[in-house]
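Undergrad: Dropping a structure here in structure tokens format, bear with me for questions.
Every read-out reported here was derived from the displayed coordinates using simple, explicitly stated rules and does not represent laboratory data. The structure displayed is predicted, hence computed values, not measured ones. Positions of Cβ are backbone-derived with ideal geometry, glycine not excepted, and every protein chain shown enters the neighbour counts.
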Amino acid sequence: MDEESKEYWRWPEYNWHEENGDWTGRTVTAGVDVGSVSSQAVILAGGKMVACANMRTGHNSPESARRVVGWALEGTGIKLEDIRYVVGTGYGRVKVPFAHRAITEIACHARGAIDLYGERVRTVLDMGGQDLKVIRCDQRGKVSNFIMNEKCAAGTGRGMEVIADILGVPIVEVGRRSLQIDEEPPPVSTVCVLFAKTEALGLLREGWSTEKVLAAYCRAMAERVFTLMQEIGVEKELAITGGISKNPGIVKRLERTLGFEPLKTEKDSQLAGALGAALFAGVLYEKQKVQEK
Amino acid sequence: MAGLRINGRKVYFSHGQTILDVAASSGIYIPHLCARAGMPPARGTRPVDRIYRGETGFVTEVLDKAFEGCGLCVVEVEGMPVPILSCSSPAREEMQVYTDSPKIREARRESLVRILERHPHGCLLCPEAAGCDRTLCSINMPEEERCCWKSGLCELQRLTDFVGIRGGLHSFRASRQLIDDNPLFQRDYSLCIGCLRCVTVCRSLAGKEVLGFVYDEDGGILVGTRAPSLKESGCIFCLACVEVCPTGAMKDKKRGEKRSTLRRKVPPAVFPSLECLEFNMENLKGVPACEGVYQLLDPKKELFLVGGTDDLRASLLDCQERYRDKVAFYTFEREPMFTTRERQIIQEHVKQHGRLPLGNCGTDDLY
């Protein structure tokens, strides 16, 4: 097996749409969230989600918006031009070129989290590709405070990719395997992703199993995220969004430290940003119609 | 009414006002740390025999020297040989005052360095400060050297942004001197810069003499209570001192609690207004068509909306149509990582106002 070319960072990309959907007569709006690692698109018809897509952002980031929307629309019969209002949210130096309006992803995440997890959400933890955000909001998803970290990779998707790569574990298995230990090891001495290779290889040489090293990392990262959450305060209920919300190794350890469980959703927690954007799009389209009269 | 000129502009004043008062009411910002809106100047306050920090008493070394002030409010007045301190200089008819010059800027930086040298200021100098959540330091600066809990809301920090720091500033490590003796507020004297605002407002607003200061052997200012406890010193817990403190030395323990009647009488602190342009077509046409972040301000120069874009001119022209009745001023900065910068500005705003800017989903109509 050629270890060099194995892509440990791969996670399942997908698109979905309602079977036999008929949206003639219904207003179609869309939300597009282009992130540093992944991009999502959510299509609403009459306020209800009828299609979505979740894929890697890739190198040609300005084109990502078009690709993810195109993939979401595939098989629906809806064309980009049919969408009445698009709200986009970007990162770094990328924006959604065909968006009618750009709204900050902070507002979109909170709004989307309410839809995914219910009105009782008051704190949203977003563990994204390249940053960590803790957002405080009310029952409507209106933001009252937030704190973010964009300087440190620990606890972000990119940080996880480095760990997965060093240990040769597919990223989708990192969490599950980190829980396959008899006793919780102490956390790694530094969460700094720059030193991860040295640290991890050292532990493996001492005889630690891969699972034990993963556990030590997940524990350190969960503690780091917890410290961030304490800075702004956690009010129940808590919702976790972003790719790492799917990592049980981090989530379970956070639960232990917090002393309670975050809310769960049946839908894809990574869609929060795009979903919030799509919901805003619906409201903005209605307002525009009223103004035009 | 009498008139004088500040930076060439004619302004009117009433007898008894200081130059700083006159400037503030005319919308001209003069940096100040020991002075504050809503109270007389702290400059000139005399030390007392003894102060307490908890049970520990401190005795004065030099009894007869009045507080000289922070030195930041210096201005130049035509006809006067040296700059004077505007907080305690009365305005006079026909005065020609200048609030900015290379000499004044240098004098302010010198005064600020003397204050920052004895106050943990590490984050102010860090190039990675924007976007840092300040729980983990990537440059390994010890916590005692970093900025305290009030970072983002701190008046001293805002003043430092305006005045600027000159080179040669030594780092400083604070060792906590926390006094937590009542349910409403705590004091950490390791963060105190000796501005005497608390002492002054206690006297002028509450009519009490709860706080005072003595000098230490280096001539530094030590603030504390007049008796071993707040209660014994006559404290009525109005918390006006907490309201006026420009650093993290005074901290509310109960957030969201209704403020006392006296505390609500303290007017807001005065800050420099953002440098901005009028939001009209002529100005907007001169904006470059490049990546950056713009800020739209309302007629009171309060932030309405922050936006990151890959084309400043196009976006601003679009905003002119959409927000023409809400926006009166704007400013912009070139910045390739415009979304990141947009979020940083939004975060600063949220920290200070408890909500997103109105134009960035800060209103109720989108929910």
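Undergrad: Under a straight-distance cross-link criterion of Cα-Cα below 19 Å, which aspartates and glutamates are reachable from B:K300, leaving out those fewer than 8 residues away in the same chain?
TA: Within the straight-line limit of under 19 Å, B:K300 reaches these aspartates and glutamates: B:E275, B:E278, B:D325, B:E348.
Undergrad: Related question: Which of the GluC sites (Glu not before Pro) found in segment A:200-293 are loop residues per DSSP with 14 or fewer other Cβ atoms within 10 Å of their Cβ?
TA: A:E206, A:E235, A:E266
Undergrad: Which value at 222 nm does chain A reach when only helices count, each DSSP H run of 4 or more adding -39,500 (n - 2.57), with the total divided by all residues and rounded to the nearest 500 deg cm²/dmol?
TA: Value at 222 nm, helices only, nearest 500: -12000 deg cm²/dmol.
Undergrad: Report the semi-axes of the equivalent ellipsoid for the protein assembly as shown in whole Å, largest first, where each axis is √(5λ) for an eigenvalue λ of the Cα gyration tensor.
TA: After diagonalising the Cα gyration tensor, the semi-axes are 49, 33, 22 Å.
Undergrad: How would chain A be classified by its alpha-carbon gyration tensor: rounded, prolate or oblate, with rounded meaning a/c under 1.5 and the a/b versus b/c comparison settling the rest?
TA: Here chain A falls in the prolate category.
Undergrad: Same structure, new question: Too long at a 28 Å Cα-Cα cut-off: which of B:K10/B:K208; A:K79/A:K246; A:K142/A:K264?
TA: B:K10/B:K208; A:K79/A:K246
Undergrad: Let me ask something additional. Please order B:K254, B:K103 by the number of other Cβ within 10 Å, starting at the fewest.
TA: Ranking B:K254, B:K103 by Cβ neighbours within 10 Å, fewest first, gives B:K254, B:K103.
Undergrad: Also: Count neighbours as other Cβ atoms within 10 Å of each site's Cβ, and list the trypsin sites (Lys or Arg not before Pro) in segment A:86-141 that are DSSP loop with at most 14 such neighbours.
TA: Filter output for segment A:86-141: A:R120, A:R140.
Undergrad: Antiparallel as a % of all DSSP beta bridges within chain A, to the nearest 5?
TA: 75 percent
Undergrad: A further question follows. In square nanometres and to one decimal, what's the mean projected area of the convex hull around the Cα atoms of chain B?
TA: Approximately 21.5 nm², given one-decimal rounding.
Undergrad: Tell me, how many Å apart are the Cα centres for segment B:151-172 and for segment A:263-293?
TA: About 42 Å separates the Cα centre of segment B:151-172 from the one of segment A:263-293.
Undergrad: Just need the relative contact order of segment B:264-323 here, percent rounded to a whole number, with Cα pairs under 8 Å and 6+ apart.
TA: 32 percent.
Undergrad: Also: Measure nothing but the geometry: give the 0 to 90° angle between the long axis through the Cα atoms of A:157-167 and the longest principal axis through the Cα atoms of chain A, rounded to 10°.
TA: So the helix axis and the longest Cα principal axis differ by about 40 degrees.
Undergrad: A follow-up question, please. Starting from segment B:265-367, pick out the GluC sites (Glu not before Pro) whose DSSP state is loop and whose Cβ has at most 15 other Cβ atoms within 10 Å.
TA: Sites meeting the loop and neighbour criteria: B:E275, B:E302.
Undergrad: Within straight cross-link reach of B:K65, meaning Cα distance under 15 Å, which aspartates and glutamates are found once same-chain residues fewer than 8 apart are removed?
TA: Cross-link targets: B:D49, B:D216, B:E217, B:D218.
Undergrad: Next question, about the same structure. Take the Cα gyration tensor of segment B:1-129, multiply each eigenvalue by 5, square-root it, and list the three semi-axes largest first, rounded to whole angstrom.
TA: Square roots of five times the eigenvalues give 30, 21, 13 Å.
Undergrad: For B:S14 paired with A:K264, estimate the spin-label separation in nm (one decimal), with each label point 7 Å from Cα along the Cα-to-Cβ line.
TA: Computed distance between label sites B:S14 and A:K264 equals 6.8 nm.
Undergrad: For every other residue with a beta carbon closer than 11 angstrom to the beta carbon of B:C132, add +1 if it is Lys or Arg and -1 if Asp or Glu, then tell me the sum.
TA: 0
Undergrad: With +1 on each Lys and Arg Cβ and -1 on each Asp and Glu Cβ, how big is the dipole of the protein assembly as shown about its Cα centre, in debye rounded to the nearest 20?
TA: Here the size comes out at about 1720 debye.
Undergrad: Could you state the angle between the C-alpha long axis of helix A:196-205 and the longest principal axis of the C-alpha atoms of chain A, as a value from 0 to 90 degrees rounded to the nearest 10?
TA: The helix A:196-205 is inclined about 40 degrees to chain A.
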